[in-house]
Structures are given as structure tokens and as C-alpha cells.
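We did not get these values from a lab; they are worked out from the coordinates using the rules stated. Remember, predicted model here, so these are calculated numbers, not experimental data. Virtual Cβ from ideal backbone geometry, glycine too; neighbours counted across all protein chains shown.
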Amino acid sequence: MGSTSISVLFLLSMFLLAVDVKGKAQRNHSNVIPLGSLLSPIANRTSWPSPSGLFAFGFYPQGNGFAIGIWLVNQPENIIVWTANRDIRPVPPVSSKATLNLTSDHGPLLRTEQGEVNYTAYLSNADTVDSASMLDSGNFVLYNNSYSVIWESFGQPTDTILGGQNLHYNLVSSVSRSNHSIGRFFLKMQLDGNLVFYPENNVDGSENAYWSSGTAGNSIILSLNQRGLLSLTNTTSGSSIYILANNSYPAKKETSITIIFRAILDSDGILKLYSHRILGNTSSSVSLEWSSLRDQCQVKGFCGLNSYCIGTGSNAECHCNPGFHFMNPENKLFGCYTNFTEDGCRNSTRGLMIPDIIASANISWGENPYSVVRTRQENCYKSCLGDCNCGAASFYMNGTCNKYKLPLRYGRRCQNLSVMTFFKVIRRNDEIQISDHHLPEILMGSKKRIILILSLTLGSIAFLCSIIAISCFLTYRDQVHRYRKLMLENVNVEFAENLTLRSFSYNELENATDEFKEVLGKGSFGSVYKGYVSEANKTIAVKRLEKIGEEGEREFRAEMNAIGRTHHRNLVQLLGFCIEGSRKLLVYEYMSNGSLADLLFKAKERPLWKERVRIALEVARGVFYLHQECEAHIIHCNLKPQNILMDDTWIAKISDFGLARLSVPNQARNITMGIEGTSGYSAPEWQKNALISVKSDIYSYGVMLLEIVCCRSSIEVDVLTADEILLSDWVYNCLVAGELDKLVEDENVDMKTLERMVKVGLWCIQEDPALRPPMKNVILMLEGTMDIAIPPSQAISHF
């Protein structure tokens, strides 16, 4: 009986102990958010608060809708400290009908009005959520059934770290304080222990960094403790090796006062430390405790391309360089553009466009010039004016002249800088006004004297030349007429003997094209018309050549002889010709599916990745045939997507080959600046009056290859960030950063093939022709039978 009583008492005490433990556990977990909990922007519960009510997780207003994040409440305006789904750019606001449900598989699961599902936390496949909690530290955590943390917002920071939080990797700024999408700057805690600030889309070790701690070591993190000490800490020893800010706030014993520290990489690219002193639920104050930089103008990239920064502190302003205009006048941080192009520079030599110089003082750039020489100020200005690669030049008082290519980056105006900057602008001949008032006083007098002397000299020469020209014209007019008549009688007979091509009469082609009614397109050498040859039951394309001079008939015959002997699967076949005096026409096979440009830039949907890879190889094989395998080696000189045509089975074929030399009759072998290349695809040799070789075609192919990969043009203004305007820069930054998936969006892409194509394209557009691979090696590299090294960055030529 006694033992029975003891057993009953023991069991009763154990039961009471279990009940007590369970009660304590429930009290300790009173803030736990159970599975199935639901939030909605318009429901009674829009957020899950922390126990003290200082932080909340849930929906907050964003633009015309709502976003999901964590914020500090009881402030004049809610301070967002974490934002969900920032990898979607821009972060799309959701409607008031969206819901957020805590699920076991994905944690907080967002469902939009359209039924789309987005994950706000990214878990491993092995993790199962049992509950969640919003902590007073500002950390939102997910627990498993063992009450172990399997995910936390502190581990995935956006632009902010809070007291008690450590940073192991990156912070990325927001667009603005009201738009928390990914902004233009990032802070990187590098593996080598160095804390560095970069403009967006730059890589470790880049010269574009604008702030660095200069520290080194293993296991270094950026930490902010709850007393306001912001420092770089060695996690092995636990000691601070570099203190950024030490506010020495004592731990507050008053229960009514709470101090919260917050470090944020602000939208202007500056890391700032704030303190929030909160008194109960009634009042609060905010203080800026520390800032990494004093002036916004010290931030590289604060102002976009082709603009410069003025001002100090937080009152900086962005201004366009002279001759430039804002891309977005509503947001002047996105940079500026100009009508100046390399093509416009070339046109200036023919009097269509005239280059002019506008001078401005005290402006410098934070990037390296492509040319540095010691000279006089007047020579510096003239050197840039005559150099098509030069967009601007800076002359320093020590006699140094620095020349820069467009676009100009990281501009800043400082009154204490002793520098005169010359900006090149291109204007139409009928709009230009002599702009001596733009130039510094040192150049005005000399320029006026030069203009006067040149005017008198050129006027006299022009008068004499006109008299000589009239005499020569009257003397040789009859002889030329007789020579033309003789050539017209014999030309078609001579062609028929030399070529296997069909000789058409002009009337035949006029009837076949219904008097040149349907235009298929307009190319560098003339317009193309659709025609039909009834006796052959064949649709044809007729190119009426417009840029072949009368003195080029002999050259025309030689080129027809060469073109007629070219036969390749990836070349548009020449079927015939017509030459009657000054009228010269070519007859090609008809390409029913348009051009590669239509496929890449105008189609509603991107071509499939495998199709783009096939097209890139087909174009390369066609170029290799022209360079190496055909009887008369041919340099195309005008490779671009508009000259790659697609037949009825979508095979890519190169057109307009062999026509380049016809526009320079006296240079059948050595083609120089007589031919006008296409802006964006022409190699740097065009602007340097250098000898054009097969390497010029390889440059054009490289530009086109990157466009095939990304399905966008080499220069595009309507992009998310200014760093994406130049395709070559964007592609290179993505390559070295290991982020090539950005180039192809959500496509099903073989990443090894993508990397090969990107590397080949970057090698092909090297500014030094000797670095560009021959087309045979290009094919081998694309096929994966030849290794490809990482291309250098400094030698990449901007298109």
C-alpha cells in the first residue's frame, strides 16, 4: 500500500512538472507564427510584429501597390530594413488582392491576383518549415519542428544591417528611399578581407571602386553591434581589426528608452550609420552617426554616363557634358547622350557633318584616358578634333593632354582643378555656326587668323580649278561618249564568255519586278526588289546598284567574274546580272524569311537558343569560305545582321559579299577608308585610315555574335541601368562576375556553349587586330574543339 502511494505521487509530480514545462515553453514561444497564418494588404492583419512592436514583417505600400519586407515602426515614416524578391528587377508591386501564407515547403508564400507564386525565402530541399517569428532585433526567422532556425533575414541582407547583425557578402543599394528595387551601387565584403564599394556591374579588383577599407585577412566580416560599433571583425579571434564608427553608447538601463542602430548603403552609394532613439510608443528621433564619404560626388557612378557631378555633401547635382542631353530629364542620374557618333565623324570628312569643340573648365573623369601626351593647349584641342576616337580631351597646366573615348564616366567639376576640357560635338553643315565664343581665349585669335588665310587660299584654288575643270569637260565630252557607245556594244558579249551567270536585259528585269514595284530592302549599295521570272518559274531578288561609279565598269566585270565562282551553302547565290551603260543590276536567289536583324530585333519571341547557336556557326562558316576557300579571297567589309538573310528552311546566308571593292575602283586588293563601314559593326581600323584586312570582318562578326547571344543591338538606350547601354561592357562584366545567365533571361541555355560564344565574341572585338582570332579558329572554338582563354578587358573596343 505504501509503495503504491509513492508511485501515484511520483506519477502525479511528473505530470505536474510536464504541465509546468509545457506552460513555460508556451510562454517563451508566445510570439511564434504558426503554419497557415495569412497576411493581406487589406485584411485585419497586414503584418506580423515583433514582441516589442518595434519591427514588423509583411505588406507595406510601394508605388501603386504593395511590397513585402521588414520595417522599423514608430518612425515619422516607416524605415524599410529588408525587402523580399529583390532579385526581380524592378521589384513589382502587388495589388491589394495578394496574400502571404506561411507554408511548410516554402515559408512565406506570396500569391498575386493573377495566381502567380513567388517565394520570399529560399530554402534547401531538406528544410521543412514548422513556424516563424519576427524578433525584436529586426530579424525574421523560420523554424523547423525542432525549433531550430533554418532561414533568417539577417542571412540575406538587402541594403541594411541592424545592431547585432553581421555581413558576410554584399549589400546592394535601393533605387531610392521610396523604391526598394536593386539600385546602382553595391558594397562587397570580399574573400580577401577587403571591404569595397563599387558601382553596379563591376568586378572585384576593378579600378572603378570608389571606397576601400584596405584590409586583408581570412574570415573577416562587417559587424554592427547593438551599442553602435561598426567594424571589420575577425571571426576566428573575435577582435575588431578595423573600426569604421564607434559611437560608445552605454547600454541603456531605462526600460522606456530604446536605441536601435542601422547601417545602410544609401541610394547615393554612401554607407551611413543611423541611430534611432525611441521613447516608449510616443516619440522618436533619428541621428546620422557616421558616413563613409562626405560628398556624393566622391561616388563613382553617382551621375550616369556622359555627365558630371557638382556640389558637396548631400546636395550634389548632375549636369550633362556640353553638347549632350539627359536620357531621362525626370531622373538626371541616368546619364546623357549625344548625336555624336563615329559614323558622323566619318561623314564630316565629306562635309555632311562638321565637328566642333566646346570648352569647359575644371571638369575631370575618374577613368583612364586612351592617349596621354605632352603638348600645347592648342594642339590638344586640334588633336581631339581630328581624331574620330576622341569624344573629349583634357589639358592640364603641366602640359599633359589626355584624350578619352565615349562614353565618358565618373565626371566631376571641382573649382580647384586646373584643367581645361574640350568636348567634341558633331553638327550638320546647315546648322553649324562658328563657335569661337565656346573656346578659351588662348585659341580665339589664332583660329580667326587661320580661317582668314584658309578662306583666301582655298577661294583662289577653287576658282582656278573650276576653269580647268570646264575646259577638260568640254574637251573630252565627245571622246567619252564614243567610248561608252563602243563599250555598250561589246560588254554583254564579253560577260557571257567569262561567266556562267545569266545575262539579263534591263527591260527583262523591269518587267520581272513590275517596274521595281515591291521593295524588299535598302542596303549599302542600293535597293533590292522582289521579282519573278516566269520562264524559270522562280522568284528572284534584284539589287539595283546605286553607288558604283561609271569609271568602275571594268572593276565591275572583274568582281562579277569572282562572285560568280563562289558557291557555298551559307552564301546567297548570284544568278545573273545586267549592265547597260550606267545601269548595273544583280539578280540573286530570293530569301523568303527576311534578315537575321528581323529575327533578333523585331520578332515577338526570341529565336530558340539552339537555333541561335546554329546560325552563329553558319555565318562563321560562310565568312571562312570567303576568306580562305573561294578562288578569289573576298573581304566582305559590311558584315551585319541586315546582310545575313534566311532562306525558306531558315538557313543563314551572307549577302552583299564582293561588292565593297566596287566602290573604290583603284583598290581591288587594299581597301582603305574609301568605303564607309556601318556604325557599330566597323572595326577601329576604319577610323585610323589603316589597311583593312580579314580581321575587320572578324571584328564585325564578333559584334554580331554578341547580338545573337543576347538578342539585342550593340548599343541600346532603353535598358535598366546605364552599364547595360554598351553590350560589350555588359557582357564582359557578366562574364568575369560569373553572371552570364543575365544575358539570356529565363531561356533553356547550355551554359558551357553560352560561355564559349561570349568569349569568342569578346576576342573578336579586340581593338588590336593581331589579337583577333582567324575565322578558322573561331569555328573551332565555337564547336568546342579548341580551348578559349579569358579575353582582356582593356583592349575591348567600344562599338
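Structure note, pairs LYS602/LYS752; LYS530/LYS759; LYS332/LYS640: Cα-Cα distances above 31 angstrom occur for LYS530/LYS759; LYS332/LYS640. When each of LYS653, LYS604 is scored by the number of other beta-carbon atoms lying within 10 Å, the sequence from fewest to most is LYS604, LYS653.
Could you work out the local net charge near THR513, counting Lys and Arg as +1, Asp and Glu as -1, over the other residues with Cβ closer than 14 Å to its Cβ? Charge balance near THR513 sits at +1. Between GLU747 and GLU330, full extension at 0.36 nm per residue minus the direct alpha carbon distance yields a gain of 146.8 nm. When Rg and the Kirkwood radius Rh are both evaluated on Cα atoms of the range 588-647, their ratio Rg/Rh stands at 1.01. Ratio of Rg to Rh for the range 178-241: 1.03 [Cα atoms; Kirkwood radius as inverse mean 1/r over pairs].
Just to compare against my own numbers: the Cα pair-distance distribution for the range 157-293, 10 Å bins, whole % per bin, please. Percent of pairs per bin, in order: 12, 41, 33, 12, 2.
Using the Stokes-Einstein relation with a Kirkwood hydrodynamic radius computed over Cα pairs, the translational diffusion coefficient of the range 37-171 at 20 °C and a viscosity of 1.002 mPa s comes to 141 µm²/s. Looking at this model, which pairs from LYS610/LYS742; LYS522/LYS604; LYS517/LYS584; LYS424/LYS695 are more than 20 angstrom apart at the alpha-carbon? The pairs that break the limit, which is 20 Å between Cα atoms, are LYS522/LYS604; LYS424/LYS695. Peptides 157-169, 510-522, ordered by how many other C-beta atoms sit within 10 Å of their residues on average, highest first, read 157-169, 510-522.
The Cα atoms of the range 596-783 cover 51, 37, 29 Å along the three principal axes, with the biggest extent listed first. Phi angles across the range 613-625 convert, under the Karplus curve 6.51 cos²θ - 1.76 cosθ + 1.60 with θ = phi - 60°, into 3J(HN,Hα) values of 4, 4, 4, 4, 5, 5, 5, 4, 5, x, 5, 4, 4 Hz, Gly and Pro given as x.
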